[in-house]
There are 2 protein chains.
Amino acid sequence: MENIKEYVQNNKERFLNELIELLKLPSVSADSAYSHDVIATADMVLESLKAAGCDTVEMCETPGYPIVFAEKIVDPKLPTVLVYGHYDVQPADPIELWTSPPFEPVINPTDIHPKGAIFARGACDDKGQMYMHVKAFEYMIKNDCLPCNVKFMIEGEEEVGSKSLSWFVERNQEKLANDVILISDTGMISNTQPSITTGLRGLSYVEVEVTGPNRDLHSGLYGGTVANPINVLTKMIASLHDENNHITVPGFYDKVEELSAAERAEMAKAPFSLENYKKALNIDDVYGEKGYTTNERNSIRPTLDVNGIWGGYTGEGAKTVIASKAFAKISMRLVPNQDWEEITALFQKHFESIAPAAVTVKVKPHHGGQGYVTPIDSIGYQAANKAYTETFGVPAIPVRSGGSIPIVALFEKELKSKTILISG
Amino acid sequence: MENIKEYVQNNKERFLNELIELLKLPSVSADSAYSHDVIATADMVLESLKAAGCDTVEMCETPGYPIVFAEKIVDPKLPTVLVYGHYDVQPADPIELWTSPPFEPVINPTDIHPKGAIFARGACDDKGQMYMHVKAFEYMIKNDCLPCNVKFMIEGEEEVGSKSLSWFVERNQEKLANDVILISDTGMISNTQPSITTGLRGLSYVEVEVTGPNRDLHSGLYGGTVANPINVLTKMIASLHDENNHITVPGFYDKVEELSAAERAEMAKAPFSLENYKKALNIDDVYGEKGYTTNERNSIRPTLDVNGIWGGYTGEGAKTVIASKAFAKISMRLVPNQDWEEITALFQKHFESIAPAAVTVKVKPHHGGQGYVTPIDSIGYQAANKAYTETFGVPAIPVRSGGSIPIVALFEKELKSKTILISG
């Protein structure tokens, strides 16, 4: 049996070239202009799984983008691992902030940032990590050392709420039956200190629209007499946080788990430098909910952020217009026990209730997902920790992440199995 | 001498065709992508003045777009009228709200809105009115009945602050010497009740930029820990009005002229239906400064409106991003005695002062202009009123407009003459 390090060394150039081809495809699921590229990416993923040695590969049609399914059943009596990943990526804008084109991968030649790191949209979310699993599988097949059954389920709508995945999972419980699920789509404390994410925040994502007058107006003739939808929207959004940065939506905190002082003290032991954090972001100060540390604010506390806002004239120069409409995309990160559909409904009710009579307001729920906590005494967690310990020489630290992978809660509900969030 | 009504009737088709050709040119001064069309429009205006009978026509170069100057000197001893207009137009976006393409003029065939009205960007701001003066002049030349000297000065940067016009007027006082200035760039009470605008509001237009972290961040990992520039911007903008919709910038109202109860009672006599106003705009309620009526709010009171706002992800679908930057365009309408440069400085100081330490703020003044009041006992006003009375059968009503024509104050300062704002 070939040593895995030798195998990687002998095949490095091929691995890199294949991954780079995958990264070149702009599989932006949020923008329908890229639909052709999203499909092409699915095709490439399917071919890579076939080449790696799966018995069955299948392009599963859904109401949205297809799901790539593949499997290798060694022996039905052995345990089965389901590997989940996604082949879609976030939009690349604002394009001007990229130092190299997002879909022309560059291997970092310098010592600034990790040498050898690949810069491209999707390189670390999630094409790179997904590909790592494909290649680990390939190694085990080629060396006849695969100790369990493996299934792959790679979707194309993770960045837009995984709607088709829910549809697919609900209809394919048998096909997807497994003992443990592996997802590599979370971060690691550092390149020398591995970590396994045990907690995830939930998400509620909405879009709001404020309409004032039925058409754009001249601000000279109408300025001061009508509700300006942009001014009103800013007032409404501003009112969603109080002076302590608590969220003001009634009922929002009702089900939030309050951690004990002991638990918070344990969390506070994780290595963290506020100075380095501020320096890395070039900010003079952090900003958040009163009474909580930075690490608590982005893990055990829910938040509300505007992810996008637009209205009126945004081009070059000046236009003295009062826009008819103003818009914002708003997302709330939720913690375990908060139900995203309940929070979405609370937000909608509250946001509509605070609108002045001079405007009309629409709240359109985009998508959401539940928060999640993984037990660290499970076999899956212990196996992952053993693999990390062998590779890095130190055991992994369990951490809670501020991000959301709503499908983790879905998997538990539909497939009755736990997920291990193993970083790559 | 041919009767003017007959002249208009006999030349109507030619007049309309010429105006339509002028309206087809997208002379958007705010967007440099249209610079070629702005220049082409200046050329067409110059040709029309030559054809109408001016002795001298001149394309006057400036640091920006050229100014079309033309004159007919009948006798240096006679009074001279200077006609001002502008050949540039506002940007046409949001394009989807147009029922016909903005630069493909349509003559309204229905009875909804005035039959025969031309729908096109610039049709009533200001190409149509400017063209009316050219054709009135043509009539008087052709019929040898021009009773005074006439000068035309038509600029191409009115919609972006008339910077080059200021430059030009300051350098050409002799060329522009006149006894009265005519501008047709304001509204009329109705098609049967003429009005002459005697007051204009000033303007201060700024752009603000709020910067938080040095790059776009994932809202899952950073949500709750850093100042989100969009949330901060909404809080800052929201704080610019108090609960009575008074503007909170310190010193903002210091020089605002407070009208007497008698003056306000006189103003209140102007015909106005709040119900029709709301109906026309399809709003359930008006909105504005406490203690003032709608007609006062848009004429004798200063205002602050956001004209544009943008930041983060504004495309289709959802992106869970915390943007590095957020922007807004904000304009303040000012009343006589408020100095626009002083107000701009007050705004800038205040806006910077209310920024939390977690962000940095830039305020970039765009342009501005002073408010203005015209005396109704001047010869110019009386002559205009006489013309209106003969044409409409009723005298004009003097009104104050909420809009701004900053150059009116400039003309008074540089050319020492009064302006009559005569609607068309």
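The values are calculated or read from the model by the stated rules, or taken from the named source; none is laboratory data. Bear in mind the structure is a predicted one, so any value in this text is a computation, not a measurement. Cβ placement follows ideal geometry from the backbone for every residue including glycine, while neighbour counts extend to all protein chains displayed.
Tell me which residues, restricted to region A:98-119, are more than 30 Å from A:Leu146 (Cβ to Cβ), in a loop (DSSP other than H, G, I, E, B) and either without any contact (Cβ under 8 Å) to a residue 12 or more places away in the chain or of a type in the set (A, V, I, L, M, F, W, C) (or both).
Passing the criteria: A:Trp98, A:Pro101, A:Phe103, A:Asn108, A:Pro109, A:Thr110, A:Asp111, A:Ile112, A:His113, A:Lys115.
Go through region A:215-252 and give me each residue that's within 7 Å of chain B (Cβ to nearest Cβ) and in contact with a Phe, Trp or Tyr (Cβ under 7 Å, 6 or more places away or on another chain).
Residues satisfying the conditions are A:Val226, A:Ala227.
Any idea how many residues of region A:188-214 are within 11 Å of another protein chain (Cβ to nearest Cβ) and closer than 30 Å to A:Val226 by Cα?
Here the count works out to 7.
Using the structure shown, decide if B:Glu96 is among the acidic types (Asp, Glu) and at pLDDT 95 or above.
No: the conditions fail for B:Glu96.
Would you mind stating whether A:Glu170 is in contact with an Asp or Glu (Cβ under 8 Å, 6 or more places away or on another chain), surrounded by fewer than 17 Cβ atoms within 10 Å (Cβ to Cβ) and more than 19 Å from A:Glu47 (Cα to Cα)?
yes
Filter region B:81-114 for residues that are charged (D, E, K, R) and out of contact with any Lys or Arg (no Cβ under 8 Å at 6 or more places or on another chain); which is nearest to B:Lys24 (Cα to Cα)?
B:Asp88
Does B:Ile376 meet the test of being among the aliphatic types (A, V, I, L, M), under 23 Å from the mean Cα position of the chain (by Cα) and not assigned by TED's automatic domain parsing to the domain that holds B:Gly212?
Taking the combined requirement at face value, the residue satisfies it.
Take the residues of region A:411-424 that are within 21 Å of the chain's Cα centre (by Cα) and assigned to a loop (DSSP other than H, G, I, E, B): which is surrounded by the most Cβ atoms within 10 Å (Cβ to Cβ)?
Taking the candidates together, the pick is A:Ser423.
Exactly one condition in (1) more than 8 Å from chain A (Cβ to nearest Cβ); (2) basic (Lys, Arg); (3) touching a His at 6+ places or on another chain (Cβ under 9 Å) is not met by B:Lys279; state its number.
Answer for B:Lys279: the failing condition is (3).
From the residues in region B:14-65 that are aromatic (Phe, Trp, Tyr) and under 23 Å from the mean Cα position of the chain (by Cα), which one is surrounded by the fewest Cβ atoms within 10 Å (Cβ to Cβ)?
B:Tyr34
So A:Lys115 ticks every box in (1) more than 27 Å from A:Pro406 (Cα to Cα); (2) at pLDDT 90 or above; (3) of a type in the set (Lys, Arg) but one. Which box is left unticked?
The number of the failed condition is (2).
Tally time: how many residues in region B:334-366 are more than 30 Å from B:Asn228 (Cβ to Cβ), surrounded by 14 or more Cβ atoms within 10 Å (Cβ to Cβ) and not hydrophobic (A, V, I, L, M, F, W, C)?
4
Within region A:155-172, restricting attention to residues that are away from every other protein chain (no Cβ under 14 Å) and in a helix (DSSP H, G or I), which residue is farthest from A:Trp340 (Cα to Cα)?
A:Arg171
So, in region B:312-322, exactly how many residues are crowded, with 24+ Cβ neighbours inside 10 Å and at positive phi?
So the answer is 1.
Answer yes if at least one residue in region A:263-276 is surrounded by fewer than 19 Cβ atoms within 10 Å (Cβ to Cβ), at the interface with chain B (Cβ under 7 Å from one of its Cβ atoms) and in contact with a Ser or Thr (Cβ under 9 Å, 6 or more places away or on another chain), and no otherwise.
No, the conditions are met nowhere in region A:263-276.
Could you tell me whether B:Thr192 is of a type in the set (Ser, Thr, Tyr), in contact (Cβ under 8 Å) with a residue 40 or more places away in the chain and buried (at least 22 other Cβ atoms within 10 Å of the Cβ)?
So B:Thr192 fails the test.
In this structure, is A:Asn298 within 20 Å of B:Asn228 (Cβ to Cβ), facing chain B (nearest Cβ under 7 Å) and at pLDDT below 95?
yes
Spot the failing condition for B:Cys145; the list is (1) closer than 28 Å to B:Asn10 by Cβ; (2) crowded, with 19+ Cβ neighbours inside 10 Å, and only one is missed.
Failed condition: (2).
Results for (1) at pLDDT 95 or above; (2) more than 7 Å from chain B (Cβ to nearest Cβ); (3) under 18 Å from B:Pro94 (Cβ atoms), shown as yes or no for each residue.
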| residue | (1), (2), (3) |
| --- | --- |
| A:Asn307 | yes, no, no |
| A:Gly317 | no, no, yes |
| A:Ile322 | yes, no, yes |
| A:Ser331 | yes, no, no |
| A:His366 | no, no, no |
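Confirm whether B:Pro105 is over 24 Å from B:Leu182 (Cβ atoms), surrounded by fewer than 19 Cβ atoms within 10 Å (Cβ to Cβ) and away from chain A (no Cβ under 14 Å).
So B:Pro105 fails the test.
Within region A:11-46, count every residue that is more than 14 Å from chain B (Cβ to nearest Cβ) and in a loop (DSSP other than H, G, I, E, B).
Number of matching residues: 1.
Can you give me the number of residues within region A:217-235 that are more than 24 Å from B:Gly371 (Cβ to Cβ) and either free of Cβ contacts under 8 Å to residues at least 24 places away in the same chain or surrounded by fewer than 23 Cβ atoms within 10 Å (Cβ to Cβ) (or both)?
Counting residues in region A:217-235 that are more than 24 Å from B:Gly371 (Cβ to Cβ) and either free of Cβ contacts under 8 Å to residues at least 24 places away in the same chain or surrounded by fewer than 23 Cβ atoms within 10 Å (Cβ to Cβ) (or both) gives 2.
Which number in (1) more than 14 Å from chain B (Cβ to nearest Cβ); (2) among the charged types (D, E, K, R); (3) part of a loop (DSSP other than H, G, I, E, B); (4) touching a Phe, Trp or Tyr at 6+ places or on another chain (Cβ under 9 Å) marks the one condition that A:Asp185 misses?
(1)
For region B:82-97, check the following and say yes or no: at least one residue is farther than 30 Å from B:Asp179 by Cβ, in contact with a His (Cβ under 9 Å, 6 or more places away or on another chain) and within 14 Å of another protein chain (Cβ to nearest Cβ).
Scanning region B:82-97 turns up at least one residue that is farther than 30 Å from B:Asp179 by Cβ, in contact with a His (Cβ under 9 Å, 6 or more places away or on another chain) and within 14 Å of another protein chain (Cβ to nearest Cβ).
Name the residue that is surrounded by the fewest Cβ atoms within 10 Å (Cβ to Cβ), counting only residues in region B:367-410 that are in a strand (DSSP E or B) and out of contact with any Phe, Trp or Tyr (no Cβ under 7 Å at 6 or more places or on another chain).
So the residue we want is B:Val373.
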